[in-house]
1. Is the range 11-25 home to any residue that is open to solvent by less than 50 Å² (accessible area, probe 1.4 Å), assigned to a helix (DSSP H, G or I) and touching a residue at least 24 places away in the same chain (Cβ under 8 Å)?
2. Specify which of the listed residues (P71, P66) is out of contact with any Cys (no Cβ under 9 Å at 6 or more places or on another chain) and buried (at least 18 other Cβ atoms within 10 Å of the Cβ).
3. Failed condition for L126, given (1) in contact with a strand residue (DSSP E or B) (Cβ under 7 Å, 6 or more places away or on another chain); (2) modelled with pLDDT of 90 or more; (3) hydrophobic (A, V, I, L, M, F, W, C), with all others met?
4. Can you name the residue in the range 34-55 that is open to solvent by 20 Å² or more (accessible area, probe 1.4 Å) and assigned to a loop (DSSP other than H, G, I, E, B) and, of all such residues, is farthest from M80 (Cα to Cα)?
5. Of the numbered conditions (1) at pLDDT 95 or above; (2) of a type outside the set (V, I, T); (3) out of contact with any strand residue (DSSP E or B) (no Cβ under 8 Å at 6 or more places or on another chain), S6 satisfies every one except a single condition; which is it?
6. Check the range 60-80 and report whether any residue there is of a type in the set (V, I, T) and touching a residue at least 40 places away in the same chain (Cβ under 8 Å).
7. What is the number of the single condition among (1) under 14 Å from the mean Cα position of the chain (by Cα); (2) under 21 Å from L126 (Cβ atoms) that G43 does not meet?
8. Anything in the range 91-119 that is assigned to a helix (DSSP H, G or I) and open to solvent by 50 Å² or more (accessible area, probe 1.4 Å)? List them, or say none.
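The values are calculated or read from the model by the stated rules, or taken from the named source; none is laboratory data. Bear in mind the structure is a predicted one, so any value in this text is a computation, not a measurement. Here the Cβ positions follow ideal geometry from the backbone for every residue, glycine too, while neighbour counts run over all protein chains shown. Side chains are part of the model used for accessible areas, which takes the heavy atoms of the whole protein and leaves out ligands, DNA and RNA. Shrake-Rupley method; radii C 1.70, N 1.55, O 1.52, S 1.80 Å.
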Amino acid sequence: MRGKGSSSSKISTLIVDDDPLTRRIHKVLLTKVGLETQAVENGKEAVDLYRSGASFDLILMDLEMPIMDGPKATKELRAMGVQSMIVGVTARDLEVEKQMFMASGLDDCYVKPLTTDTVTALVEKLNKDN
C-alpha cells in the first residue's frame, strides 16, 4: 500500500454510525489497512467536529442515525465547503435509497458492513486523488 511507511501520509477517517458493532467492525478494518480512525455516533457530532476545526480524508457516513441522519449531515458538510471523500453506508440495499443518499453529496455508497476489498479500493482511490 502506498504511503504506509510514513506516518505523516496516513489517511484519516471519520466513522459516523450509531451502531457500536458497525463502528467497531469498520474501525478494525480501517486500522488493518493502515488508516487513522475516529468515530462518532451521529451526523451532528460529525458536523460539530468539522466546525471545531477537525478534518478527515475520508468520512464513512451511515444513512439512518438519530439526532441527524446521513443525508442531512452530508448536505451540511458540503454546504460548509468540506471536500473530503464522503462514502455512505447503509444496512439496506435498496437502489432508490442509495440514489437519494448519493444526491445529498456522497462520493459513493455501499451496504454495510464494508469489506476489506471495498476499504482497499477506497484507499487506492484516495491515494490516486491526492
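1. Scanning the range 11-25 turns up at least one residue that is open to solvent by less than 50 Å² (accessible area, probe 1.4 Å), assigned to a helix (DSSP H, G or I) and touching a residue at least 24 places away in the same chain (Cβ under 8 Å).
2. P71
3. (2)
4. Selected residue: E41.
5. S6 satisfies all of (1) at pLDDT 95 or above; (2) of a type outside the set (V, I, T); (3) out of contact with any strand residue (DSSP E or B) (no Cβ under 8 Å at 6 or more places or on another chain) except (1).
6. Scanning the range 60-80 turns up no residue that is of a type in the set (V, I, T) and touching a residue at least 40 places away in the same chain (Cβ under 8 Å).
7. Failed condition: (2).
8. Answer for the range 91-119, where residues must be assigned to a helix (DSSP H, G or I) and open to solvent by 50 Å² or more (accessible area, probe 1.4 Å): E95, V96, Q99, M100, M102, A103, T116, D117.
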